[in-house]
Amino acid sequence: MASENEAFSARLRAATWDDHGDNETSAYMSALVGGRLARDEYAVLVAQLHPVYDLLEEAADRMAPDPVAGRFDLAGLRRREALEADLGYFYGPRWRARIEPNAATEEYCDRLREVCFDWPGGFVAHHYTRYMGDLSGGQYIGRQVRRTLELAGDDGVRFYRFPGKPKAYKDRYRELLDSAPWDAAEQARVIDEVKAAYRFNAAVTAELGDRLRPSAA
Ligand code: HEM
């Protein structure tokens, strides 16, 4: 059990690491990092991420004036443009008409609408779960996607490319978590919301996993 004196970033990570594991070990994510996904099977994940980042980044605009939450939207972190470039690569210029959120993505988006627009801690919880993930395991996932789909250059994997070093972003992000002026009750609420965010993400990939070709699953 993490001690109360430990930095919040460390306690948050420790308190939610089991929930992270459920994401890492799902059939879909295992197939993804195991190099067994076909191009269209990967593209549907990008299609699910688009509405999620669309909302997170709209919420970031709303939270910009907030003295705590506004600071987490670090320059270069936003992913929507990169996702749109990747969707254009996989689905062509008419990608918007060709993608659709699945039921789990809709539920995830409902939650983002509920908690990210007027609760700073809720925004940070969801922001942390996605962007710190993209800067961490996401970097490894991006390399596996590039190799599996035999992509050249950045096409199809712009989502994983940040303009700065992932470690520098992560160090700064943890400083922001550690300096957020939340009392113990608010920290507990944020931790609970990160656990929920992991569950929403796991549900999205569980649904994608149900539709894999038998040889990929
Ligand atoms: C196959 C899938 C995945 C693998 C192999 C993986 C792997 C990892 C690894 C190795 C780290 C630690 C990196 C470090 O300490 O620097 C990490 C951190 C993290 N991952 Fe994942 N991950 C996966 C999926 C996900 C998903 C789907 C999410 C969320 C939607 C996620 C969110 C996070 C977060 C938020 C952290 C940062 C934890 C912290 O240090 O506070 N990961 N991941």
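Structure notes:
- Straightening the chain between ALA10 and ARG189 buys 62.9 nm, computed as 0.36 nm per residue apart minus the Cα-Cα spacing.
- A straight line joining the Cα centroids of region 55-110 and region 158-193 runs 18 Å.
- Maximal additional length on extending the ASP110-ALA168 stretch stands at 17.7 nm, based on 0.36 nm per residue less the C-alpha distance.
- Gyration tensor (alpha-carbon) shape descriptor, the chain, a/c threshold 1.5: prolate
- Contour excess over end-to-end distance, with Cα ends at SER136 and ARG96 and 0.36 nm allotted per residue: 11.6 nm
- The phi-based Karplus calculation (6.51 cos²θ - 1.76 cosθ + 1.60; θ = phi - 60°) puts the 3J(HN,Hα) values of region 114-121 at 5, 10, 8, 9, 9, 10, x, x Hz, whole numbers, x for Gly and Pro.
A short reminder: the numbers here are calculations on the coordinates, not readings from a lab. As the structure is a prediction and not an experimental result, all values here were calculated from the model.
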